[in-house]
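K.L.:
Below is the structure I would like to discuss, written out as structure tokens.
The values are calculated or read from the model by the stated rules, or taken from the named source; none is laboratory data. This one's a predicted model, so the numbers in the text were calculated from it and none came from an experiment. In this analysis, Cβ positions are derived from the backbone assuming ideal geometry, glycine residues included, and neighbour counts consider all displayed protein chains. Accessible surface areas use protein heavy atoms only, side chains included; no ligands, DNA or RNA. Shrake-Rupley method; radii C 1.70, N 1.55, O 1.52, S 1.80 Å.
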Amino acid sequence: MDQSGGRRRFLKSVGVLGAAGPAGAIAQHQAHGAAKGEKYMFLSAAEVAFLDAALARLIPADQLGPGAKEAGVTYFIDQQLFGGFGTMAKMYRQGPHGEGTPQQGYQSPLTPQEVYRAAIGEINAACTKQYGRAFEKLATAQQDEVLRALDEGKFPLEAVPARFFFNLLLDNTIEGFFSDPIYGGNRDKIGWKLVGFPGVAAVYTQHVEKYGVPYDALPISIVDILENKATLDETGHPKHVLLVRKD
């Protein structure tokens with residue numbers, strides 16, 4: 001894995017990302033990663049601990065602000081796995097299941113629920129065997145070593161290819177960090193504030209000819225509108241509150 005600063009600079013460089021729309025016994029518990037009132041519906045306590053630790057390395061907190069763990073991305077992933085995404089409810093599931101290309105999308109006979117459950121269990125077992133403790137208890141350098149091995153396809157997993165799981169985890173991490181908070185992640189609009197994304201589209205006609213002028217506004221989410229925390233204009237679009245830049 002790259003150093004923390006490099007990862008965060010990459011996130012700053014991606015600019016505005018669109019809001020993501022997005023087995024076994026259901027584990028309903030209040031884990032330390034969830035905000036008050038949020039109940040995990042699929043992930044077990046051990047799986048939550050793994051994801052909290054992994055996300056803290058993929059998008060770490062630093063001088064630019066909180067990271068994926070603080071943004072509630074673990075809870076976002078739990079909610080997606082519990083829903084239609086986790087069971088591939090609207091996806092084609094028949095074979096063949098070759099490695100495929102990036103353009104061919106999801107290529108696995110396992111559902112995302114099954115991928116996460118199997119991969120996390122195997123990774124923790126391997127970490128315990130090699131280091132004497134589960135992934136979340138490893139030193140950050142060791143966690144980076146494990147994640148790098150997964151990314152390079154060099155970590156031995158039986159149920160699912162290591163790189164396939166890493167790419168799924170990374171994609172879901174980015175989605176949860178930048179999606180509208182209504183989906184469970186991007187808590188306090190952390191991701192949007194990092195890249196300067198204003199959230200729900202407003203009316204921009206008065207800004208069209210203001211070339212080269214940054215549009216700095218307090219981000220507004222779908223949740224803000226549903227909870228009447230945002231003021232709407234006569235067209236139903238939110239009125240953004242512009243921020244004053246400090247030069």
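K.L.:
Could you tell me whether any residue of segment 215-223 is open to solvent by 60 Å² or more (accessible area, probe 1.4 Å), within 13 Å of the chain's Cα centre (by Cα) and closer than 27 Å to VAL48 by Cβ?
P.N.:
No, segment 215-223 contains no residue that is open to solvent by 60 Å² or more (accessible area, probe 1.4 Å), within 13 Å of the chain's Cα centre (by Cα) and closer than 27 Å to VAL48 by Cβ.
K.L.:
If a residue must be closer than 21 Å to ASP78 by Cα and crowded, with 18+ Cβ neighbours inside 10 Å, how many such residues does segment 115-133 contain?
P.N.:
Looking only at that region, the number is 8.
K.L.:
Okay, moving on. Given the condition assigned to a loop (DSSP other than H, G, I, E, B) and at pLDDT 95 or above, answer yes or no: does some residue in segment 94-112 qualify?
P.N.:
So far as segment 94-112 goes, no, none of its residues is assigned to a loop (DSSP other than H, G, I, E, B) and at pLDDT 95 or above.
K.L.:
Looking only at segment 57-66, decide whether some residue is closer than 15 Å to GLY185 by Cβ and within 12 Å of the chain's Cα centre (by Cα).
P.N.:
yes
K.L.:
Now, a different point. Considering only segment 224-245, I want to know if a residue exists there that is open to solvent by less than 90 Å² (accessible area, probe 1.4 Å) and closer than 30 Å to ASP52 by Cα.
P.N.:
yes
K.L.:
In segment 5-17, is there at least one residue being modelled with pLDDT under 80, of a type outside the set (Lys, Arg) and over 24 Å from GLY199 (Cβ atoms)?
P.N.:
The answer is yes; a qualifying residue exists.
K.L.:
Further, regarding this structure: What's the number of the condition LYS189 fails, among (1) out of contact with any Phe, Trp or Tyr (no Cβ under 8 Å at 6 or more places or on another chain); (2) open to solvent by 60 Å² or more (accessible area, probe 1.4 Å)?
P.N.:
(2)
K.L.:
Being open to solvent by less than 70 Å² (accessible area, probe 1.4 Å), out of contact with any Pro (no Cβ under 8 Å at 6 or more places or on another chain) and either more than 30 Å from ILE225 (Cα to Cα) or modelled with pLDDT under 95 (or both) is true for just one of LEU194, LEU170. Which residue is that?
P.N.:
Exactly one of LEU194, LEU170 is open to solvent by less than 70 Å² (accessible area, probe 1.4 Å), out of contact with any Pro (no Cβ under 8 Å at 6 or more places or on another chain) and either more than 30 Å from ILE225 (Cα to Cα) or modelled with pLDDT under 95 (or both), namely LEU194.
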